[in-house]
Structure formats: C-alpha cells, structure tokens
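The values are calculated or read from the model by the stated rules, or taken from the named source; none is laboratory data. Just so we're clear, the structure is a prediction, and the values are computed from it rather than from any experiment. Reconstructed Cβ throughout: ideal geometry from the backbone, glycine too, with neighbour counts over all protein chains shown.
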C-alpha cells in the first residue's frame, strides 16, 4: 500500500493505535488481556462518540491488514516439537477433545439460534487457543467483524471464569498430573492456564502451560480442517473449493518452517510482542464498528453457546482422564 493511498486512512489508524496503547497500559496495571481491553474501549468509544466517515478508511486498514499481519506473526510461536514430547496419551486426549468440541460447534451452530459465524468463532476459540485462534479463523468465515468481537468477548470471559473457578474446585480431588491436563487442555489462553496452574503449584503451572502450548500447535491443522468444513456451498449444493487467503498460507508456511529450524529467542520475542500489539490495534478498530445493540442481541446467544461448549469440553477431558487412567 503506497503512502499516498494510506494518507486518508491516518485518522482512523491513529485513533485505533491510541486506544490500543491505552489498553496495553491498563493491561500492564491490571493483568487483564490487552486485546480484550482494546476491544471494550473501542466499543465504548464507537458507541459514545459520533465519528465522521473520514475515520472509516483507517478503521478498515487496522481491522483488515493489521489483523492479517498479526496472524502471520503468531506462526513463529508454534512449536510442533513440544507437542510431540507430551506423550501419546496426552496428545490423544488433546486431539480427541479438539475434534469433539469442533464437531459440537458445527452441529450446535446449526441447531441453536446463535449467529453461525459468531458461534463458529466461539467454538474454534474454545477448542484451540482463545483470541489467537479466533483472530486466525475470523477473516475466512465471517464478513461481519462484530462477530469476531463478540466471540473474543465470550471466550475471554469463560477463560477468566475458568481460571478462577477450576483450581478452587479440583485442587483437592485431582492429582497434579490430572489438574495439569485439565487446565492445559481446556482453558482458553496461555495466560489463563498459567494463572490457574501456578495458583495451585509451580509444578502444575509448568506442566499445564507445556500442555497448552502443545494444544496451540494444533492451530495450523485445525484451521485447514475446520476451514474446509465451514467453506460455503454453491446453489447446486456442491462445496466450493477451499481458498486460503495470503495470510493463512504464510501462517502455515512459517509454522511448518519452525518445525525444521529454530528461530532465535529475539525473533520469537519480537514477533510475539508485535503480534499482540497489532491484535490490540485491530481489536480497537473492530470495536469501533460494533454497536451496543448488536453486542447485546448476539452476545446473549454467544454466552449460552460458549457455556455449553466449555462445559462439554471439561466433561470430555475428565472422561478421557478416567479412560486413560492418567
């Protein structure tokens, strides 16, 4: 994009960056996810201030291009080697759980009145890795960016509740290995897993985060498989050929490359921070275009949908722990 083409977009870009910077400062102070805070501030600003149309080009850039670059940067942190070191029982439990949650997402999104794209995003975020998974899938399955905002709000809420409630309920009746597996295979973000695991003990925290990172490694194959099943059909009922956008092709290539070469700690640090910052900016832009009316009507359905999936996910993991006698 040439600078001359970018110039009309500067107002919207600067507004989204300002919101993201404020969100990052609040997150550093409060410990709450900066991406979620950025989304919330964006929604509040967009619904309380009367923004002129001159902001729209910039908001479109940050919620589109910035988001796509952030997704590419995520790929540097995926490590398939760590996944393979988890042991066959843990790997099998993770895979079975993800498959069941994604199948339930496809089934329930058709049976329930939850908007299909928002429901798909909530399910994908629940199954894999929260906000990052939603951000990676959203441009492929949803034309309405407000669905992405709703899904992130729902998934982050249940991730936070799970982080607080699960350790309180399971500490006394599950072993360290079982607690680690339950937390690592269920909670939505690495931060949720670390918060819950280390609240019980350092060993559980380390083991749970390792399991969670193995689950994150499933993002690439899950995007391909879930993307196929959510691709549209034409008027004849024939499924259209899955076309991956440039950022997903790049994401897959980088994540595969990371299996053969080891990126330096500096590269991993820069790409992680860059991805988080760009995601916060993108969420600010998306939030600016989400109306309270849409958020309330679709958000209620998303909350019910997310609760059902999260509850089912926990039950599946506990059942598999019992089956494999972990």
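Tell me the residue from 119, 87, 42, 130 that is at positive phi and buried (at least 24 other Cβ atoms within 10 Å of the Cβ), please.
Values: 119 fails: at positive phi; 87 fails: buried (at least 24 other Cβ atoms within 10 Å of the Cβ); 42 fails: at positive phi.
When all the criteria are applied, what remains is 130.
Can you pull out the residues in segment 102-114 that are buried (at least 23 other Cβ atoms within 10 Å of the Cβ) and under 18 Å from the mean Cα position of the chain (by Cα)?
105
Which members of segment 113-137 meet the condition of being within 27 Å of residue 67 (Cβ to Cβ) and outside any helix (DSSP H, G or I)?
Step one: list which residues in segment 113-137 are within 27 Å of residue 67 (Cβ to Cβ), which gives 114-137.
Of everything in segment 113-137, those that are within 27 Å of residue 67 (Cβ to Cβ) and outside any helix (DSSP H, G or I) turn out to be 114, 115, 128, 129, 130.
Restricting the first residue to segment 153-177 and requiring it to be modelled with pLDDT of 90 or more, which pairs with a second residue that is part of a loop (DSSP other than H, G, I, E, B) meet a Cβ separation below 6 Å and a spacing of at least six or different chains?
That search, which allows pairs on different chains as well, returns 162/187; 177/326.
Consider segment 25-67. How many of its residues are within 19 Å of the chain's Cα centre (by Cα) and more than 24 Å from residue 139 (Cα to Cα)?
Counting residues in segment 25-67 that are within 19 Å of the chain's Cα centre (by Cα) and more than 24 Å from residue 139 (Cα to Cα) gives 3.
Could we say that residue 29 is in a helix (DSSP H, G or I) and closer than 18 Å to residue 155 by Cα here?
Values: in a helix (DSSP H, G or I): yes; closer than 18 Å to residue 155 by Cα: no.
Criteria not met by residue 29.
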